[in-house]
Number of protein chains: 2
Amino acid sequence: MIENFSFSLLATDGKARRGEISMPRGRIRTPAFMPVGTGGTVKAMYMDQVRGVGADIILGNTYHLMLRPGAERVARLGGLHEFARWPHPILTDSGGFQVMSLSKLRKLTEHGVTFRSHIDGSPYEMSPERSIEIQGLLHSDIQMQLDECTALPADAKEIERAMELSLRWAERCKTAFGDQPGKAMFGIVQGGDIAPLRVRSAQALSAMDLKGYAIGGLAVGEPQAVMLDMLDITCPELPTQKPRYLMGVGTPDDILKSVARGIDMFDCVMPTRAGRHGLAYTRRGKINLRNARHADDPRPLDEESDCPAARDYSRAYLHHLVRSQEALGAMLLTWNNLSYYQKLMQHIRDAIEAGQFDARAAVITEGWARGDLPPL
Amino acid sequence: MIENFSFSLLATDGKARRGEISMPRGRIRTPAFMPVGTGGTVKAMYMDQVRGVGADIILGNTYHLMLRPGAERVARLGGLHEFARWPHPILTDSGGFQVMSLSKLRKLTEHGVTFRSHIDGSPYEMSPERSIEIQGLLHSDIQMQLDECTALPADAKEIERAMELSLRWAERCKTAFGDQPGKAMFGIVQGGDIAPLRVRSAQALSAMDLKGYAIGGLAVGEPQAVMLDMLDITCPELPTQKPRYLMGVGTPDDILKSVARGIDMFDCVMPTRAGRHGLAYTRRGKINLRNARHADDPRPLDEESDCPAARDYSRAYLHHLVRSQEALGAMLLTWNNLSYYQKLMQHIRDAIEAGQFDARAAVITEGWARGDLPPL
């Protein structure tokens, strides 16, 4: 039985890192992709499928869960793991990002944010202390500090103000979290697309000696090159022996390029959301099953996959399900997509261990570029 | 390898019958409930779950499948079993019922029906011969004659006209179906709520020596007592050694009472549709998971069930999923409901074999009447 949260670097290849996070509820092989289970469910998936495709950890959204079913209720029901039947590690965000993007009548002060639920308009308050309290009620294994994330493009003064506020909130979250050996609270680097602000944020957070560090406020509208520049600037400022989590990222290509810059953890709604919109991620790139070219195609998405959704169902059937808006279409494509993302992470981990990251990343990228099978 | 379609009566208890249909693709234990797989998918279910809960046969809707993906396309793709990954028996309806209820600009003549698709308005023609041709293209194991089903209440003249037309169409379907030893074409008794018309229809169809007989035009708006009266009148007119299928029925209570009158096969969208609307069928009756009483209830729907959906998930979680309109809510409740329906059929079959049908049916009915668990 592992009692303490810990991170081990097992191998590096250039800046790419192969590691392992250990904690009482399990281990997380890094680089890791965390499927998003917004409201206590990874949409259209059974949890045993999520586990089956190779996920070590899922993400829960504090904002959604605090509104419905409510953090205190989840706690009474035994915590999020018990509630959602996922006994493995769970990371929760702080709720801040969605308060800013989804809620109504927001008011932000030094103390925190007041807002109204986008579901029923009822009033809530979120402070750094309340965010940590809620994440604790959810029994979250990896908790995130409350931060203020600025959408890009934004004014430099505004980015700096939000970044500095986030640093002060990190201190308050650290205090609120206290000493929980089996769990972790991560700080979040902010600073928008302004290099000196990213450096300032990363250095100040590093000085707090947290158990892990997220990089937030990226993939919020800026070009990929800007995001990668910010990683190039930020990662060297973060401690080597702590996990680094790039929040809300991203496409398979974003992931490859971010791993190359030293990122260990990712989460993104893309594979699940795309699965509900008829899109399949595969080693041959992204395939739109709505396209008429699939209507008579008896071939599976990927005959070499070990995921039944990719291997056993014809494109013609998937096309039909998507066109007919059948639940099974979303179920199968989400399954395929999460399977593909987890396979990608496994390839990445194997490549780093083998000291072949760049070469194998190039092969993967070529596969996407070559594109889908020619029509029959 | 079974080569011929056949039906064996294994036991009777009063009018209740325990039988078995055999055909090349498998056997069907009767009384049987057929989950509805309208458009080549039992909504929100994986086919291995449908099989896993105990279904021997599913139903496909000819009207939906002819419009999308199209019967000729399904044939090119290897038939409906291959397309939908259900290698076991499939029954298809004739398409007539949905042409009458869903399509636009219908025109009915002695020859057949012309109509326009409710999806895209494109024109179609359906005749007895074309219905059988389509069902053949789908590779359907049990095909239904084209009939005209009259919604109740209706004028006696109108009911009689539709019934007589359905008889003439039965002859044409029989000719079109021809000699297919491994498959079956069933006739459909019509006649609305008028006893002499039901008798006339059943006798005329019996004289055609078909492989099975459906009773149609019930559960279309009339009280349950009227439906049961029609069964009391119709069943004795049908040959003992052929299966009897009550189309589109029904609630668990409808099923118990219809088995008691000699019905062998059922289909209904209730368990699947209810599952998408937050309703669970259980041995304690129908439970509405939207109800606030479940919000904090850690108990499963039925701790004694062997269906994971019934046994492993808390009512609180199901309530949350339903309230949040999460796909998993529909997935779990549909799974629970189909499992419950199949268990009910198994109990019915066991009871008939044991010569205990009335007594056990009373116990089942009492369980429903007793209602759900008291709140915690």
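The values are calculated or read from the model by the stated rules, or taken from the named source; none is laboratory data. Here the structure is a predicted model, which is why all the values come from computation and not from measurement. Cβ: placed from backbone, ideal geometry, glycine included. Neighbour counts: every protein chain shown. Just the protein is used for accessible areas: all its heavy atoms, side chains included, with ligands, DNA and RNA removed. Shrake-Rupley method; radii C 1.70, N 1.55, O 1.52, S 1.80 Å.
Within the range A:83-99, the set of residues being closer than 18 Å to B:Glu326 by Cα and in a helix (DSSP H, G or I) comprises A:Phe83, A:Ala84. All but one of (1) buried (at least 23 other Cβ atoms within 10 Å of the Cβ); (2) out of contact with any Cys (no Cβ under 9 Å at 6 or more places or on another chain); (3) within 28 Å of B:Glu129 (Cβ to Cβ) hold for B:Met227, so report the exception by its number. Of the numbered conditions (1) buried (at least 23 other Cβ atoms within 10 Å of the Cβ); (2) out of contact with any Cys (no Cβ under 9 Å at 6 or more places or on another chain); (3) within 28 Å of B:Glu129 (Cβ to Cβ), the odd one out for B:Met227 is (3). The residues of the range A:319-331 that are in contact with a Leu (Cβ under 8 Å, 6 or more places away or on another chain) and without any contact (Cβ under 8 Å) to a residue 40 or more places away in the chain, listed by number, are A:His319, A:Leu321, A:Leu328. If I filter the range A:62-75 for residues that are of a type in the set (A, V, I, L, M, F, W, C), crowded, with 20+ Cβ neighbours inside 10 Å and away from chain B (no Cβ under 14 Å), do I get at least one hit? No, because not a single residue in the range A:62-75 is of a type in the set (A, V, I, L, M, F, W, C), crowded, with 20+ Cβ neighbours inside 10 Å and away from chain B (no Cβ under 14 Å).
Restricting attention to the range A:18-39, report how many residues are part of a strand (DSSP E or B) and surrounded by 16 or more Cβ atoms within 10 Å (Cβ to Cβ). So the answer is 14. Do you know which of the residues in the range A:290-330 that are basic (Lys, Arg) and open to solvent by 70 Å² or more (accessible area, probe 1.4 Å) is nearest to the other protein chains (Cβ to nearest Cβ)? Out of the qualifying residues, it is A:Arg323. Of the residues examined, A:His139 is one that is touching a helix residue (DSSP H, G or I) at 6+ places or on another chain (Cβ under 8 Å), assigned by the TED database to the domain that holds A:Ala71, on the phi > 0 side of the Ramachandran plot and not hydroxyl-bearing (Ser, Thr, Tyr). Residues of the range A:40-60 being free of Cβ contacts under 8 Å to residues at least 60 places away in the same chain and either open to solvent by less than 10 Å² (accessible area, probe 1.4 Å) or among the β-branched types (Val, Ile, Thr) (or both), which ones? A:Gly40, A:Thr41, A:Ile58 - these are the residues of the range A:40-60 that are free of Cβ contacts under 8 Å to residues at least 60 places away in the same chain and either open to solvent by less than 10 Å² (accessible area, probe 1.4 Å) or among the β-branched types (Val, Ile, Thr) (or both). In the range B:84-99 there is at least one residue matching the filter, namely being in contact with an Asp or Glu (Cβ under 8 Å, 6 or more places away or on another chain) and within 14 Å of chain A (Cβ to nearest Cβ).
Can you find, within the range A:67-82, the residue that is farthest from the chain's Cα centre (by Cα) among those that are more than 23 Å from A:Tyr245 (Cα to Cα) and not in a loop (DSSP other than H, G, I, E, B)? The residue in question is A:Arg76.
Within the range B:119-142, the presence of at least one residue that is within 14 Å of chain A (Cβ to nearest Cβ) and at pLDDT below 95 is confirmed. Checking each residue in the range B:102-115 for being outside any strand (DSSP E or B) and free of Cβ contacts under 8 Å to residues at least 24 places away in the same chain picks out B:Thr109, B:His111. Within the range A:199-227, the set of residues being within 20 Å of A:Lys242 (Cα to Cα), within 20 Å of the chain's Cα centre (by Cα) and assigned to a helix (DSSP H, G or I) comprises A:Ala202 only. Regarding the range A:275-283, can at least one residue be identified that is hydrophobic (A, V, I, L, M, F, W, C), away from chain B (no Cβ under 14 Å) and open to solvent by less than 10 Å² (accessible area, probe 1.4 Å)? So far as the range A:275-283 goes, yes, one or more of its residues are hydrophobic (A, V, I, L, M, F, W, C), away from chain B (no Cβ under 14 Å) and open to solvent by less than 10 Å² (accessible area, probe 1.4 Å). For the range B:116-127, the condition of being outside any strand (DSSP E or B) and among the aromatic types (Phe, Trp, Tyr) holds for none of the residues. Count of the range A:1-17 residues, restricted to those that are in a strand (DSSP E or B) and open to solvent by 20 Å² or more (accessible area, probe 1.4 Å), is 8. Give the residue that is nearest to B:Gly19 (Cα to Cα), with candidates limited to residues of the range B:331-370 that are away from chain A (no Cβ under 14 Å), open to solvent by less than 10 Å² (accessible area, probe 1.4 Å) and of a type in the set (Ser, Thr, Tyr). My answer is B:Tyr341.
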